[in-house]
Amino acid sequence: MDHSRVPVLEALEEFRRRGDVVFGPPGHKQGRGVDPRVADIVGLDVFRSDVLSLNGLDDRRQSQGVLGQAQELMADAVGAEQAFFSTCGSSLSVKTAMLAVAGPGEKLLLSRNAHKSVIAAVVVNGVEPIWVHPKFDTERHLAHPPEPEDVRRRLEEHPDAKGMLLITPTDWGTCADVAGVARVCHEFDVPLIVDEAWGAHLPFHPGLPAWGMDAEADLVVTSVHKMGGAIEQSSVFHLQYDRVSPEALKQREDLLGTTSASSLVYATLDGWRRQMVEHGHDLLDAALHRAERIRSAVGDLPGLRPMGGEVVEEGFAAAFDPLKMVIDVRELGISGMQAAEWLRANRHVDIGGSDTCRISASITHADDDETEKVLLDALRALVEGADSIEKQPPVRLPGPSALELEQAMLPREAFFAPVEHVSAERAAGRIAAETISPYPPGVPVVAPGEVITDEVLDYLRSGVEHGVLIPDAADPSVRTLRVVARD
């Protein structure tokens, strides 16, 4: 295929050249009605390129197939049989993918270290989750993806399960044995869905972990805005084989997706695909060498411990994305959240992720010598200034087994059940009717339907005292909890 073509961008360029006057949405009419004060900040070209697909980029019958052509090019670029663009972010794409495989009341295997969007999908879709617990790294206090044998065990216990959802890479860059999990799923004749939100760049360089399509996954969801070059909410479904129906996927996406898709998302997805096909190897090669230099320099700083290939050598993960700069800061006597806040306040450096133990920075093809220097200078300053950071009460981290809560009710049933609010002191033993996800990274500690324990309450309350955010709980202070009412 001719990857110099960018159908969406070409149609947008033609639309602007023609100078069409539109009498439908969006109401700002390609910037004519935008408040100049807004345009001064975000730029008038954003609004000029905000065009509907129907009667804008394409005609009423979609006869040019602009979007279809762009999606065919994307599929060819990454080795998928089909690709579909989504403008609602991968949080919604994952919900769609799950619904395309399992319907209400049906079973679906899920990695328990999933983002809160997966728990939300379980509530919305009404599937019965069969949790596959991650491999827990006690020293790092880090959950890595489950292994093929973990998936096999759960499929043997639940032969009526409709498929498996695997999250890889994790927020911290550790990767599953996708090919091994795919083989197990296919032995049971069920599809493997991969939530590869952090892996849009993986198909374009052999020095990166295996790409889901190459590893025989059936359906892969990527967030191109995370490690790629498209704007926020850019998501793509990648599909192969016949275990997931393309028709079902499109219909489920139509149930959940927007009818007012953003041309800005489509255009930047289209342009990013061309950039990666033409220049991706060289751009990512430079990023990989940059990440190697940064990791080496960070390793020489006292109190900082960057994570790298040793996590694979120690048997915790099948691979590690070296473009994820994950740095343990505990030896500085502070938490990752404190480090992130200090870097933002004192060096104007915004770290990509943080938790009680570490921070992470994503190194992408967009980084250069200047951003490399800014990051390293900021980390050196953090090491020098750590003693001045006010000490906070420690977060009481639970052991791995304490995080595997009993599922007493289906998440959907618990979420919509009659509820009451009880004090934290009276919450142990009660069934949660809400999702409780410490941010960052947003992986739920408690899901609806799970039985709350004293260990988890202690963890959550000590986290709040330390400064952990829990934005999705009814009471973010966790002084009270939303639980299923007793008869």
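Just so it is clear, none of the values below were taken in a lab; they were calculated from the coordinates. The structure displayed is predicted, hence computed values, not measured ones. Here Cβ is always computed from backbone atoms with ideal geometry, including for glycine, and neighbour counts include all displayed protein chains.
Listing for the model above:
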read-out	value
Residue list for the stretch 255-287, restricted to those being surrounded by fewer than 16 Cβ atoms within 10 Å (Cβ to Cβ) and in contact with a Pro (Cβ under 9 Å, 6 or more places away or on another chain)	SER260, HIS281
Within the stretch 104-182, strands (runs of 3 or more DSSP E) holding 1 or more residues that are more than 23 Å from LEU239 (Cβ to Cβ) and among the small types (Gly, Ala, Ser)	142-144
Listing of helices (runs of 4 or more DSSP H) fully contained in the stretch 331-439 that carry 1 or more residues being hydroxyl-bearing (Ser, Thr, Tyr)	369-385
Of all residues in the stretch 241-260 being in contact with a Leu (Cβ under 8 Å, 6 or more places away or on another chain) and not basic (Lys, Arg), the one that is nearest to LEU12 (Cα to Cα)	SER260
Residue count for the stretch 179-207, restricted to those that are of a type in the set (Phe, Trp, Tyr) and either over 19 Å from VAL265 (Cα atoms) or surrounded by fewer than 21 Cβ atoms within 10 Å (Cβ to Cβ) (or both)	2
Answer residue from the stretch 208-222, given it is of a type in the set (A, V, I, L, M) and in a loop (DSSP other than H, G, I, E, B) and is surrounded by the most Cβ atoms within 10 Å (Cβ to Cβ) among those	ALA217
